[in-house]
Structure formats: C-alpha cells, structure tokens
1. I'd like the residue in the range 390-411 that is open to solvent by 20 Å² or more (accessible area, probe 1.4 Å), touching a helix residue (DSSP H, G or I) at 6+ places or on another chain (Cβ under 9 Å) and within 16 Å of the ligand (Cβ to nearest atom) and, out of all such residues, is farthest from Q374 (Cα to Cα).
2. Can you tell me which of I50, I8, I92 is in contact with a Phe, Trp or Tyr (Cβ under 6 Å, 6 or more places away or on another chain), under 21 Å from R352 (Cα atoms) and open to solvent by less than 60 Å² (accessible area, probe 1.4 Å)?
3. With respect to R301, determine if the residue is surrounded by fewer than 20 Cβ atoms within 10 Å (Cβ to Cβ) and away from the ligand (no atom under 15 Å from the Cβ).
4. Scanning for something in a helix (DSSP H, G or I), under 16 Å from the mean Cα position of the chain (by Cα) and farther than 17 Å from G339 by Cβ, does the range 283-290 turn up at least one residue?
5. I need the full set of residues from the range 341-360 which are over 11 Å from R78 (Cβ atoms), in contact with a strand residue (DSSP E or B) (Cβ under 8 Å, 6 or more places away or on another chain) and open to solvent by 10 Å² or more (accessible area, probe 1.4 Å), in order please.
6. The conditions are (1) open to solvent by 20 Å² or more (accessible area, probe 1.4 Å); (2) assigned to a loop (DSSP other than H, G, I, E, B), and Q414 fails exactly one of them. Which is it?
Amino acid sequence: MNNIQQYIIICYSTSQMLRVDSLLKALDVTTDLIPTPSEYGSICSTAIAISKEDKEKAEKILQEGNFAIKGIYPHKIRKLAGLMESLKHNVISEPFKAIIKKVEVGETLTKEEITFLLKIEGEAELKVLFETADRMRKEIVGDVVEVRAAIEFSNYCDKSCHYCGIRKGCTVPQRYRMTEDEIMEAVHELHDVGIKTVVLQSGEDEFYTVEELTKLIKRIKQETKMGITLSVGERSYEEYEALKKAGANNYLLKIETTNPEIFQFIHPDDDFEVRKQCAQWLKELGYVNASGNMIGLPGQRPEDIAEDILYFKKMGIHMIGIGPFIPADGTPFEKYPQGSVEMTLKAVAVTRLVCKNVYIPATTALASIDEDGQRKALQAGANSLMLISTPPKYRINYQIYSGKNMIDLDSAIQAIKDAGRKLPKYLKILPEEE
Ligand code: SAH
C-alpha cells in the first residue's frame, strides 16, 4: 500500500466483509484487506481498502447489491505532527532525520529505509527510534495494554523444526495432552479474572482433530463467550474453515522468516510456499490474522527482517509477535547464539512505524532473555501481553526454548505499570492494584 489516496469500506461483520470483498473483486475492483483503523471501533476487525478511482464504482456495486455496510471513508494517512520539532534536541544523522520526516508526514518507508532503521546503533539514536515508535503506538492504539492468555494444551508434535524444544524426537520431561475438562478448567480461571481472549496453542498434534477442537471451541463459547485464538500450526483450508465456523476468532501462525532459504533451513518438514498459503487462507476466511517472526535466526540479516515487516504490512496482518530466537536444549540449534534484545526491540519499533494499526505483543521470548524485556518492548511500540496460563504441572514440558519465562498476571501487571501504561478495564483485579 502506498500514499495515494485510498478509501476504506467498513462492514458490520466478517462474513459481510468477505462477501463484499469477493463481489468487488469479481467486478474488477482491486481490494486490500487491512486491519480496521481504531476510530471505527470493533465492529469488524478487517476493512476493505480500495483506490480513490474505484470509489464510485464500489459504491454503485454495493447499492445494487443492497449491502447495508457501515460506510466508505477516506483512509486517513497517519501522521505524527510536530515529530521533528519535538526531537530537535537530539543529535541524529541526516539520513535518519530524513526518515523521521517521512514518518512525520505519513509517507511510506522503503525497504532501504526500514533496513537503515534496523541497523541503527548507539544510545542516542536508539532512544529516538523507540520514542518515535512509542508515540506512534500512543497515537494509534492508545495506552491500554491488551492482555491475552495462552493455554499450551499439548506438546506432542509431528514436526522437527530445528529451533523448537518440543520438536518431534526431542527429549522432553514428558509428552502430555490436556483433556477437554482440564482445558476448560484453565479457561474458567482466566474468565474469572476477566481475560477476554484465550490462546489455545499446541504442537502440530493430529490427535486434536477438527471434531475435537470444534467441541472445545463450542464449549468455551457456550460457557464463557471468550474470544478464541487458535495456534495449532499448518492445516488444510477445509480445516481452517471448519474451525472458523465453529467459532474460532483469531489464528496465530507465525511466518518465522520471509527469507525462503532460512525458512527451509530451519524447517526440515515445511515448505515456505505452503506456510504463506496458510496465512493467505486464514486471511480469506476472515480470521483476525496473527503472524510474527524470530530475530537472530542463522544467516538472518537486517534486510531479511525488513522484508518480514513489509510482508506483515502487505498481508494486512493484525497481530505481529516478534521474539528473539532462543536456543533450546536437545535441538539441532542448541549451540546457536540467541537473538539480541536490541535487534528485537528495533524490529518491534520499526514494525509499529510501518504497520501502524496492529497489535504487537511484548513477547514471552523477550521476557525470557531480559527480565525487563517486556517493559522495554512496551516502550518501543508494543501494546499487548500474553500470559502463560498452562497448568503448572504441564508447563515444564512446554519448553519450546530453554529458560522460558512464565508470564503470570502479576508479572504482566508489573510490566504494564513499569512501562507507565494502563491496565485494561476488563481485568478483575483488586482496586488498590490499579
Ligand atoms: N505448533 C504451533 C505453535 C508453535 S510455538 C505452530 O507451529 O504455529 C509458537 C512460537 O514459538 C513459534 O511460532 C516460534 O516463533 C516460537 N518459538 C519456537 N521455538 C523457539 C525458539 N527456540 N526460540 C524462540 N522462539 C521460538
């Protein structure tokens, strides 16, 4: 997407949005699915972007098709007025200044400029980068930090991803599968403290068929009405479709890296094209689409991370999890160096500047290599946190990397406070803690 004037169509539901999108496409209107700008509230998380030239045609099509949509609005270019002025006491290089100017007026950054930002070093310039991202975050998604919680319900996995501590064939203390009742117990605990979205994550475990997952999703909806994020790996279009119909709202499938060679090198049983296809299907099915990457993968350069960020933007990804690679004992990558905190924070900041209206979690992986990592990420563009709410007896068996930190509600609240940010109103915690 570039800076030419665009319009966005806001629909009342995901299914309406998908119908409108396919109708427009069929009638030769070029569309782009993007996260709905926050000023339109949460009626439908995905908006349809069209060019100015196509606006009248689209309006006519919608009228003739009797689509009662919320409306068509100019797509506001997000600017940061007064940015240069507010930074004038900082000494920064001329090329950096030129990029800051583009951010101020809302111009699209090129791959070279994104790479430049990712290569920034030195305290003074890093401070400017993080502060700029923090301002963009505040302007676009506000001060509240969204809190979600993950239940890692099975560590059985059919895949042998070289980096992962629960890969097939890797020795873990114990393989486990939580029963539906055990999962529901954990879900209710989260519901009781007011958490609104539960993330169900597992290895790629065929035991949990679509039928099993459907039963679970329906039960969660019936008993709690919570939002559901699935993170169960690569599946077929039909399976993603059935899970969406069952009630799943979001899907988390990280691209991990958009460099095809690195992707192939780290995923002996995966195909990069298939992974991209899965993300595309999830998008077409109307999932709130969560992706992300790892920082510090073998052979990965800042240019590759820049490509990742451009991919998130182009795919209209709603949630982008950026974490450092951390070596996991007993895996082929156990002796590889871990990703750097600084590069991870830079990637978070630049992702905020480029993708703007997205959820960016301060990841557990970051908290695992730097105890202050989540606060730092929250001050560099991140706006959400994910609790690890797997029952204690199973947690130790879900070490996708070594030394995985256990983010509980208390440590999340601490990070939010340390970052000077707001807790979400839905959390039911003691008043003095607010
Ligand atoms: N099987 C699911 C869930 C995978 S675990 C799936 O494939 O989607 C969730 C995420 O943990 C992965 O997407 C990866 O980004 C991250 N992860 C796994 N091993 C890691 C490691 N060694 N270091 C850092 N992150 C890791």
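1. Across the range 390-411, the extreme among qualifying residues is Y394.
2. Numbers: I50 fails: under 21 Å from R352 (Cα atoms); I92 fails: in contact with a Phe, Trp or Tyr (Cβ under 6 Å, 6 or more places away or on another chain).
Residue meeting the stated conditions: I8.
3. Numbers: surrounded by fewer than 20 Cβ atoms within 10 Å (Cβ to Cβ): yes; away from the ligand (no atom under 15 Å from the Cβ): yes.
Criteria met by R301.
4. Here is the first cut: in the range 283-290, the ones in a helix (DSSP H, G or I) are 283-284.
Among the residues that remain, those that are also under 16 Å from the mean Cα position of the chain (by Cα) are: 283.
When the remaining residues are screened for being farther than 17 Å from G339 by Cβ, the result is 283.
Yes - at least one qualifying residue is present in the range 283-290.
5. V341, M343, Y359
6. Just one mismatch for Q414, condition (2).
Residue-wise test of (1) within 15 Å of the ligand (Cβ to nearest atom); (2) open to solvent by less than 20 Å² (accessible area, probe 1.4 Å); (3) free of Cβ contacts under 8 Å to residues at least 40 places away in the same chain; (4) part of a helix (DSSP H, G or I).
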site: L213; (1), (2), (3), (4): yes, yes, yes, yes
site: R219; (1), (2), (3), (4): no, no, yes, yes
site: L230; (1), (2), (3), (4): yes, yes, yes, no
site: E238; (1), (2), (3), (4): no, no, yes, yes
site: A248; (1), (2), (3), (4): yes, yes, yes, no
site: E261; (1), (2), (3), (4): no, no, yes, yes
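For (1) more than 14 Å from the chain's Cα centre (by Cα); (2) free of Cβ contacts under 8 Å to residues at least 40 places away in the same chain, each residue gets a yes or a no:
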{"residue": "Q338", "(1), (2)": "yes, no"}
{"residue": "C355", "(1), (2)": "no, no"}
{"residue": "A367", "(1), (2)": "yes, no"}
{"residue": "L387", "(1), (2)": "yes, no"}
{"residue": "P392", "(1), (2)": "yes, yes"}
{"residue": "S402", "(1), (2)": "yes, no"}
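The values are calculated or read from the model by the stated rules, or taken from the named source; none is laboratory data. Quantities reported herein were computed from a predicted structural model and do not represent experimental measurements. Here Cβ is always computed from backbone atoms with ideal geometry, including for glycine, and neighbour counts include all displayed protein chains. Accessible surface is based on the protein model in full, side chains and every heavy atom, while ligands, DNA and RNA are left aside. Shrake-Rupley method; radii C 1.70, N 1.55, O 1.52, S 1.80 Å.
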